[in-house]
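Each remark here refers to the structure printed beneath this line.
The values are calculated or read from the model by the stated rules, or taken from the named source; none is laboratory data. Source: prediction; values computed, not measured. With ideal geometry, Cβ positions are generated from the backbone for all residues, glycine too; neighbour counts draw on all protein chains shown. Accessible surface areas use protein heavy atoms only, side chains included; no ligands, DNA or RNA. Shrake-Rupley method; radii C 1.70, N 1.55, O 1.52, S 1.80 Å.
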Amino acid sequence: ALDSVLAQTYPRMEVFVMDDGSSDASGSIATRYPMIHYHKLPHQGVAAARNAGIRCSMGDILAFIDQDDLWTPDKTAEQVEYLQQHSAVDVVSCHTEFFLDGIESKPDWLRETRFQRPGKNFTLGSSLIRRSILESVGLFDNVYKSASDHDWFVRALDAGNQVGHMDGVFLKRRLHQDNHSNDTASVRELIAIHRASIHRKRVQRS
């Protein structure tokens with residue numbers, strides 16, 4: 001993941017690794033790269049780690065990547081150019097390609113058609129986000145263990161932010177046995193997120 005970030009053709013980037021209390025070799029791997037800002041945090045969950053990264057960063061455009069995924073070299077440059085050309089768009093996403101690592105078949109939650117060919121995938125790893133919309137959407141909600149990113153996207157749409165999409169494949173998402181998406185608790189979180197969205201919309205209409 002870090003190699004794919006540092007291989008970006010876009011020249012002006014600050015890179016943070018937010019280590020959510022890991023007990024593996026994450027710290028020793030990240031600190032091999034002198035150009036990366038490494039932060040060891042107490043374990044509070046992925047949402048808290050992402051929020052800490054946001055607070056540390058200075059840029060007007062934010063990007064996120066999970067430790068098991070890959071960006072293509074032109075991702076940042078292409079998406080920055082898109083945002084520059086579409087001033088009304090707050091978030092731009094891209095196509096995602098899935099690949100297997102250490103498992104023989106796709107997980108049950110992923111449709112066969114999505115696995116066989118790249119397609120739209122509104123996730124943090126596939127997106128670039130203007131920092132300015134955090135004022136209306138807020139940060140990630142630490143209530144959610146594995147779906148805080150989905151909750152953020154739903155809140156962004158509910159708040160009326162414009163989401164654009166590029167057809168290029170800029171994210172390669174690794175599928176393995178330890179993906180958070182494999183956790184049945186994530187399904188319950190998704191249900192809770194969409195119930196909260198329905199409630200917000202009812203309040204807005206009343």
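Below, the figures for the structure above:
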{"read-out": "Amide hydrogen neighbours beyond the local backbone of F64, cut-off 5 Å, H modeled", "value": "S127"}
{"read-out": "Structure-based [θ]222 nm, the chain - -39500 (n - 2.57) summed over DSSP H runs of at least 4, per residue, nearest 500", "value": "-10000 deg cm²/dmol"}
{"read-out": "Karplus 3J(HN,Hα) series, Hz, for the range 67-81 with 6.51 cos²θ - 1.76 cosθ + 1.60 (x for Gly, Pro)", "value": "5, 10, 10, 9, 9, 6, x, 9, 4, 5, 4, 5, 6, 4, 4"}
{"read-out": "Cross-link pairs K40/K145; K75/K145; K40/K120 - those with Cα-Cα distance over 24 Å", "value": "K75/K145; K40/K120"}
{"read-out": "Among 193-199, 155-161, the order from most to least packed when residues are scored by Cβ within 10 Å on average", "value": "155-161, 193-199"}
{"read-out": "Highest to lowest packing among 48-55, 185-192, scored as the average C-beta count within 10 Å", "value": "48-55, 185-192"}
{"read-out": "The chain: most fluctuating residue of V17, V143, V169 per GNM, C-alpha cutoff 10 Å", "value": "V143"}
{"read-out": "Value of relative contact order over the range 1-111, rounded to a whole percent, pairs C-alpha under 8 Å and six or more apart", "value": "31 percent"}
{"read-out": "Top of L171, L134, L70 by mean-square fluctuation, Gaussian network on the chain, Cα under 10 Å", "value": "L134"}
{"read-out": "Rounded accessible area per residue of the range 53-97, 1.4 Å, Å²", "value": "48 Å²"}
{"read-out": "Whole-Hz ³J(HN,Hα) from phi, Karplus 6.51 cos²θ - 1.76 cosθ + 1.60, for the range 121-133, glycine and proline x", "value": "7, 7, 10, 5, x, 8, 10, 10, 10, 6, 4, 4, 7"}
{"read-out": "Under Karplus coefficients 6.51, -1.76 and 1.60, residue-wise ³J(HN,Hα) of the range 134-140 in Hz, glycine/proline x", "value": "5, 5, 8, 8, x, 7, 7"}
{"read-out": "Mean separation of Cα contacts under 8 Å, 6 or more apart, over the residue count of the chain: relative contact order %", "value": "25 percent"}
